[in-house]
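Notes follow the structure.
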Amino acid sequence: MLKPNIILVLKLTVLVLSISYLVDKVIFYSLNTLSDNVMTGQSIGKLNQFLTVKDSVDCVVLGNSRANHHIDVSLLNTSAYNMGIDGTGIAYISALTHSLDKQHNQLVLVHIDTKDFFDLNYNGSDIKTLSAKFNRDKNITASLKQSGLISPLQYFYYTINYNNKLTGILKNYFQPSYNYQMYNGFDPLILSEDQQKIRDEILLKQENEECSQLTTINPIALNYLEHIKEDAEQENKTYIFITSPIYNDTCPEDNLKLKKLLTEAGLTYWDFSNLFKDLNDTSLWKDETHMSAFGAEQFTLHLKQKLESISY
Amino acid sequence: MLFNSLEFLIFFPTVFILYWAFSKDYKKQNIILVIASYFFYGWWDWRFLSLLIFSSLLDYYVGIKIEDSKTEHKKNWLLVSLCSNLGLLGVFKYFNFFTDSFAELMSGFGWQVDALTLNIILPVGISFYTFQTLSYSIDIYRQQLKPTKDLVAFFTYVSLFPQLVAGPIERASNLIPQIEKHRTLNSTLIRTGVFQVFIGLFRKIAIADNLGIYVDTVYANNDIHNASTLTVATIFYAFQIYYDFSGYSDIAIGTAKLLGFKFNQNFNLPYFSRSLTEFWRRWHMSLSFWLRDYLYISLGGNRKGIVITYRNLLLTMLLGGLWHGSSWNFVIWGGIHGLFLSFEKYIFSTFKIKTFNAFGYVYTFAVVVFSWIFFRAQDFHSASNIVHKIVSLQFGTLFIGNINTFVNGLLLLCIGLCFDLNLFKSDIALENYGVKFNTLKLSLFVSVLIIMLCLFYSTSENFIYFQF
């Protein structure tokens, strides 16, 4: 290669690295400023609100979309916040339990699903949803680093932390989705007529799930459970693990195995998977795994009774 | 190894430096390329390197034998190449398909035949390098090419990593002469190469992968979605597959440029076509020209009368469909294209026109999008369900799914389309677009693309065309 071409390649490399580094920082710090003021929306606002209220409420609900749509915390006898987020799993929950104030007396309801533990493809990547707080929140940063899922590129290009969040931030910054001061994190699923028809079609087609492969516990999920257990052992916290109802759970073996695992670890686990199984009432459901607002209300009332039985 | 992986980010600069360190000795460069290419391929599954080596050795030897043999024996050597290459492809790609189809056919007649289904893994890239080696032997047989006597050069031709696993299907007549001579890297190659690599990354990682999330969600539950949702998902798929594959080709062509090679253009804004005939001159050009030169023309092309011409067109497209995968859906996809190409041939010859007017853009896009339903659907049942719903106009509320994903997909698609529209108007091929930029402008452009990638990248397991 001729000398001028070597110089061109070097020049291009240096220029691209320098310019992209600078642009990256300008955008990153601008997004920090914007996102810190966003309190609505699932991409960042709900997390911001959670970090603000987590140490002032007496109960937090952690989990995935099922936690989000199934537990109406306004029906509970205590001040509470529902931090259920779509698509999250045990790794994400572990990072959040780690961020709770150790001194504050609190009930922590951890919503888990058996598939969180028996899916061998699960790699804990849901924790990356918290990347927007990487190097900005001490506890979350520690959890992210511990996960080993931080890309080396994230140390050079900080905007990766805002991957797939830009439109959500901009939308909620300029037009908040709701009044966050009145929001407790619970999102009821209210179905239109069209959605009810689709729901009925889905529920009609429910087939028996293949159960045989769901007996090996995912080591990554187990590792995160250990982390949560450490947080649960603190004096001021009461941790209760729950699984909310599903329409047709045909695999009781994995539930039993999960129950055994949690009980042996000294954790309290309430499995409500089959709570509504025999009712045959489709109005309780949005689809085979999510309950409608009506279903959520019925379930939360049942949960409330159960909590009262242990003086909560 | 994937172009959009962290491994490739380390692999390519290493190869680049090593390769140009030996710029005075192209033979040593070829050795480096073969080692690098085998490493690149072996990263996926090293066991299948044996197939690649076998195929390369076979066609190297057959090429020399065809050249050296007397006329009456040339055909036998060509048959050795055809049978071996197509045999390998048949076993690895189509064995289960044909045995299953045979069993189903027999059961249709009331005979129960147990299908002999084997657990066969499809070696990545086999459809591409098989076609490449086949074209080499056929070109020598047709006396359009002299065989190379340099084994390393031939191995480089077959395995050259930018095009090894998903094309473009480079012809020996274009690539081997470049491999067998001293290569240089000039400012034009650097600028156009870098530009094309980053455009390709943006097309694939940002546009295609974001659109893919919505498409996958809808197609996985096609039975519960209405016509509006299925139509939008199918249009999204049309752009997903375009940006996925053209993105891959851009990275391949750009990477090759940085190694001093000039590959042929593989995509030329196919959705800006006024007829399906034109579409196939712009879409996956290396495959469509391969099918034209080695299948359509071998069948007689348009030299044996109008009926045979239509038969040849249809047969070429059916086999072209089957090349994409062992499923009847791909055959139907090819059939739809074959039928419309025949229809166009009839219209053009009857009315003595070369192409359609502006309406042709809409017609072509509609036919192509319709055919993608069969290409994308899991099976025939799903495809027919989708077609039925769309045709019966069961429109309703559009399913959005994750609003962020949907909006991101739409936004990035608009950016991609604006860029394509600009290319279409400018009359400059993407392959040459990089020369418009000086070093600073190019650095700025690439930097912006990098930040866009950081903000919008979406993870996908693979490039769509890896499965073919």
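The values are calculated or read from the model by the stated rules, or taken from the named source; none is laboratory data. Everything quoted here is computed from the prediction, not taken from an experiment. In this analysis, Cβ positions are derived from the backbone assuming ideal geometry, glycine residues included, and neighbour counts consider all displayed protein chains.
Checked against (1) without any contact (Cβ under 8 Å) to a residue 12 or more places away in the chain; (2) over 22 Å from A:K197 (Cβ atoms), A:L267 meets all criteria but (1).
Across the stretch A:187-208, the number of residues qualifying as part of a loop (DSSP other than H, G, I, E, B) and farther than 18 Å from B:T229 by Cβ comes to 7. Applying the criterion of being surrounded by fewer than 21 Cβ atoms within 10 Å (Cβ to Cβ) and away from every other protein chain (no Cβ under 13 Å) to the residues of the stretch A:113-122, the residue that is nearest to B:F8 (Cα to Cα) is A:Y122.
When B:S327, B:S342 are screened for being in contact (Cβ under 8 Å) with a residue 60 or more places away in the chain, closer than 30 Å to B:Y94 by Cα and not aliphatic (A, V, I, L, M), only B:S327 passes. In the set (1) within 14 Å of chain A (Cβ to nearest Cβ); (2) within 26 Å of B:T405 (Cα to Cα); (3) not aliphatic (A, V, I, L, M), the condition left unmet by B:F245 is number (1).
For residues that are aromatic (F, W, Y) and assigned to a helix (DSSP H, G or I), scanning just the stretch A:123-167, find the one that is farthest from the other protein chains (Cβ to nearest Cβ).
Filtering the stretch A:123-167 for residues aromatic (F, W, Y) gives A:134, A:155-158, A:162.
Checking which are assigned to a helix (DSSP H, G or I) leaves us with A:155, A:158, A:162.
Details: A:Y155: 13, A:Y158: 8, A:Y162: 6 Å.
In this case the residue turns out to be A:Y155.
If you scan the stretch A:23-50, which residues turn out to be at the interface with chain B (Cβ under 8 Å from one of its Cβ atoms) and either modelled with pLDDT of 95 or more or touching a Leu at 6+ places or on another chain (Cβ under 8 Å) (or both)? Of everything in the stretch A:23-50, those that are at the interface with chain B (Cβ under 8 Å from one of its Cβ atoms) and either modelled with pLDDT of 95 or more or touching a Leu at 6+ places or on another chain (Cβ under 8 Å) (or both) turn out to be A:V23, A:D24, A:I27.
Residue check: A:Y92 meets all listed conditions (1) within 14 Å of another protein chain (Cβ to nearest Cβ); (2) aromatic (F, W, Y); (3) surrounded by 15 or more Cβ atoms within 10 Å (Cβ to Cβ) but one, namely (1).
Restricting attention to the stretch A:281-312, which residues are in a strand (DSSP E or B) and among the aromatic types (F, W, Y)? Working first, answer last.
Let us first name the residues in the stretch A:281-312 that are in a strand (DSSP E or B), namely A:285, A:291.
Answer for the stretch A:281-312, where residues must be in a strand (DSSP E or B) and among the aromatic types (F, W, Y): just A:W285.
Kindly check whether there is at least one residue in the stretch A:284-296 that is in contact with a Cys (Cβ under 8 Å, 6 or more places away or on another chain) and surrounded by fewer than 20 Cβ atoms within 10 Å (Cβ to Cβ). Checked the stretch A:284-296: no residue is in contact with a Cys (Cβ under 8 Å, 6 or more places away or on another chain) and surrounded by fewer than 20 Cβ atoms within 10 Å (Cβ to Cβ).
Meeting the requirement of 3 or more residues that are more than 9 Å from chain A (Cβ to nearest Cβ) and without any contact (Cβ under 8 Å) to a residue 24 or more places away in the chain, the helices (runs of 4 or more DSSP H) wholly within the stretch B:379-468 are B:380-391, B:403-426.
So which residues in the stretch A:135-175 are aromatic (F, W, Y), under 23 Å from A:A91 (Cα atoms) and surrounded by 14 or more Cβ atoms within 10 Å (Cβ to Cβ), if there are any at all? Break it down into steps so the answer makes sense when it comes.
From the stretch A:135-175, those aromatic (F, W, Y) are A:155-158, A:162, A:173-174; that's our starting set.
Filter once more, keeping what is under 23 Å from A:A91 (Cα atoms): A:155, A:158, A:162.
Across the stretch A:135-175, the qualifying residues are A:Y158, A:Y162.
Assess whether B:G200 counts as being closer than 30 Å to B:S458 by Cβ, modelled with pLDDT of 95 or more and small (G, A, S). Answer is yes for this residue.
When restricted to residues that are touching a residue at least 40 places away in the same chain (Cβ under 8 Å) and either facing chain B (nearest Cβ under 9 Å) or part of a helix (DSSP H, G or I) (or both), the stretch A:168-186 contains 7.
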